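Reviewing the structure listed below.
The values are calculated or read from the model by the stated rules, or taken from the named source; none is laboratory data. All figures in this text were calculated on a predicted structure; none of them were measured in a lab. With ideal geometry, Cβ positions are generated from the backbone for all residues, glycine too; neighbour counts draw on all protein chains shown.
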Amino acid sequence: RLPLQLKTSSKRYKLQFQGNLPQTLFTGNRVEAENKQPLRIVLTDAVNNQLITSGPLSSMKVELLVLDGDFNADERLEHTEKEFSESIVFEREGKRPLLSGEVVIVLEKGVASVRDISFTDNSSWIRSRKFRLGARMSRASSIEERVQEAVSNPFLVKDHRGEVYKKHHPPALADDVWRLEKIGKDGVFHKKLADFGIHTVQDFLRNLVMDQYGLRGLLGSGMSNKMWESTVEHARECVLDDKLYSYCSGHGIILLFNCIHENIGVVVGSNCFSVNALTATQKALVVKLQQDAYKFPSRIVEFKVQSQSADQSPTAPVPPGPASTQMPGLPPQGEANPQPQDHGLLPLHDAALGLEDVLHQHHRHHHSEPWITNGFDATRDPFDMLQFSGSSQPCGLLLSSTGARL
């Protein structure tokens, strides 16, 4: 076999990476695409971009290399073999080869997967501070056609110990609060938040909802407005869970909150109402109750909907306790769920139907009907439950996190 000889200067084929690499990789970790799937290399026709699935080239060996992050910074469609070779980055003196693992892979019908390579050194020591991954036909191959090399997107490589301090995108509710942008682990902002009882991303979001200005003031002038906006924007990327929380107002009205204490609904008697369905006056009353709830966040407790159809018999009564105090106007603890009268209400046929679905269904099915016909009577107690009249959605059997039926 002859060494590699380029008999034509123009390229007819090209190697390509399918998908991008993450913006940051860590030494010792397996190199994977952004979607956590193996990075793939394909051989295509340079003219029509069609996959080459047959012929000698479709089963050639491919060599993986490290390139300078500045190579092909202008994202040109073509580069020469000389330009590619001059951009190869080799290990520092006394270090192991930059790539370890399966650095030579074999095409099968023009496709190969990068399954087992990792970096042994970070990228901070080169001028661009970034690497690219490159792929070319093995130098031991004898081919007559020019096959353009594959070049990945640029990325940082950090030492594995830096992963401990990595920010999560998106963050999780249970993540430590220092996983948020601009809040460093054991830094000034982290300590200020911890002293105030804010330890997780969920704690941060709850405080952001209940007292945004207080939270901003807690972090002080050391956090600039730009840093604050970055932290808040990152926190709001968090994916919320479907848990519900409740606050008993003491007026026979129960406020419903999502997992970060945003008000999403109200329970009056055995009926649920979406916040979006309330009139301006009703919303003002709910906001007043919400402000009271935010003054006593420890009284906002997890709330559950019992999975039981309306036509099933109720569960046995729960012994009364601190969480099962009888609210004025609500069904007694030991009684069955009151049956809704026929006013065009939407019954709870689906035992697994969540409360949020109930709220949305009510709003969808009654969007053309006024939620309350006569409004609030200013001469009466503004929290009189009878003013919450009109069409509504029966909630079914509502349970607190302690199991007490409300």
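Brief remarks follow.
- When segment 49-72 is filtered for residues that are without any contact (Cβ under 8 Å) to a residue 24 or more places away in the chain and under 38 Å from the mean Cα position of the chain (by Cα), the ones remaining, listed by number, are Asn49, Gln50.
- Applying a threshold of 7 Å to beta carbon distances and a minimum spacing of six or more residues, or different chains, the list of pairs starting in segment 221-238 at a residue that is in a helix (DSSP H, G or I) and ending at one that is of a type in the set (Lys, Arg) reads Met227/Lys182; Trp228/Arg216; Ser230/Lys182; Thr231/Lys182.
- Residue within segment 70-82 that is hydrophobic (A, V, I, L, M, F, W, C) and assigned to a strand (DSSP E or B) present: no
- Residue within segment 44-64 that is modelled with pLDDT of 95 or more, within 17 Å of Phe155 (Cα to Cα) and either part of a loop (DSSP other than H, G, I, E, B) or assigned by TED's automatic domain parsing to the domain that holds Ser128 (or both) present: yes
- Scanning segment 154-163 turns up no residue that is out of contact with any Asp or Glu (no Cβ under 9 Å at 6 or more places or on another chain) and part of a loop (DSSP other than H, G, I, E, B).
- Consider segment 98-127 and keep the residues that are in contact with a helix residue (DSSP H, G or I) (Cβ under 8 Å, 6 or more places away or on another chain) and on the phi > 0 side of the Ramachandran plot. The one that is surrounded by the most Cβ atoms within 10 Å (Cβ to Cβ) is Gly110.
- Every residue from segment 84-96 that is more than 15 Å from Ala150 (Cβ to Cβ) and surrounded by 13 or more Cβ atoms within 10 Å (Cβ to Cβ): Val89, Glu91
- Given (1) surrounded by 18 or more Cβ atoms within 10 Å (Cβ to Cβ); (2) out of contact with any Phe, Trp or Tyr (no Cβ under 8 Å at 6 or more places or on another chain); (3) not assigned by TED's automatic domain parsing to the domain that holds Val287, number of the condition Val177 does not satisfy: (2)
- Glu81 free of Cβ contacts under 8 Å to residues at least 12 places away in the same chain, in the same structural domain as Gln16 (by TED's automatic domain parsing) and either surrounded by fewer than 16 Cβ atoms within 10 Å (Cβ to Cβ) or over 37 Å from the mean Cα position of the chain (by Cα) (or both): no
- Lone qualifier among Gly217, Gly197 - being outside the structural domain of Leu289 (by TED's automatic domain parsing), part of a helix (DSSP H, G or I) and free of Cβ contacts under 8 Å to residues at least 12 places away in the same chain: Gly217
- Residues within segment 33-55 that are in contact with a Ser or Thr (Cβ under 9 Å, 6 or more places away or on another chain) and either under 16 Å from Lys14 (Cβ atoms) or of a type in the set (A, V, I, L, M) (or both), tallied: 8
- For Glu108: the one exception among (1) farther than 20 Å from Gln16 by Cα; (2) out of contact with any strand residue (DSSP E or B) (no Cβ under 8 Å at 6 or more places or on another chain): (1)
- Out of Phe196, Phe189, Phe131, sole residue that is surrounded by 20 or more Cβ atoms within 10 Å (Cβ to Cβ), under 28 Å from the mean Cα position of the chain (by Cα) and more than 23 Å from Leu43 (Cα to Cα): Phe189
- Matching entry among Lys185, Lys192 (being in a loop (DSSP other than H, G, I, E, B) and over 30 Å from Leu57 (Cβ atoms)): Lys185
- Single match in Leu133, Leu98 (criterion: without any contact (Cβ under 8 Å) to a residue 40 or more places away in the chain, assigned by TED's automatic domain parsing to the domain that holds Ala33 and aliphatic (A, V, I, L, M)): Leu98
- Only one of the numbered conditions (1) part of a strand (DSSP E or B); (2) of a type outside the set (A, V, I, L, M, F, W, C); (3) within 32 Å of the chain's Cα centre (by Cα) is violated by Arg136, and that is (3).
Rundown of residues vs (1) touching a His at 6+ places or on another chain (Cβ under 6 Å); (2) without any contact (Cβ under 8 Å) to a residue 24 or more places away in the chain; (3) under 25 Å from Lys36 (Cα atoms); (4) aliphatic (A, V, I, L, M), yes/no style:
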{"residue": "Arg146", "(1), (2), (3), (4)": "no, no, no, no"}
{"residue": "Leu156", "(1), (2), (3), (4)": "no, no, yes, yes"}
{"residue": "His160", "(1), (2), (3), (4)": "no, no, yes, no"}
{"residue": "Tyr165", "(1), (2), (3), (4)": "no, yes, yes, no"}
{"residue": "Pro170", "(1), (2), (3), (4)": "no, no, yes, no"}
{"residue": "Ala174", "(1), (2), (3), (4)": "no, no, yes, yes"}
{"residue": "Trp178", "(1), (2), (3), (4)": "yes, yes, yes, no"}
{"residue": "Asp186", "(1), (2), (3), (4)": "no, yes, no, no"}
{"residue": "Lys191", "(1), (2), (3), (4)": "no, yes, no, no"}
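- Every residue from segment 13-43 that is over 22 Å from the mean Cα position of the chain (by Cα) and free of Cβ contacts under 8 Å to residues at least 40 places away in the same chain: Gln18
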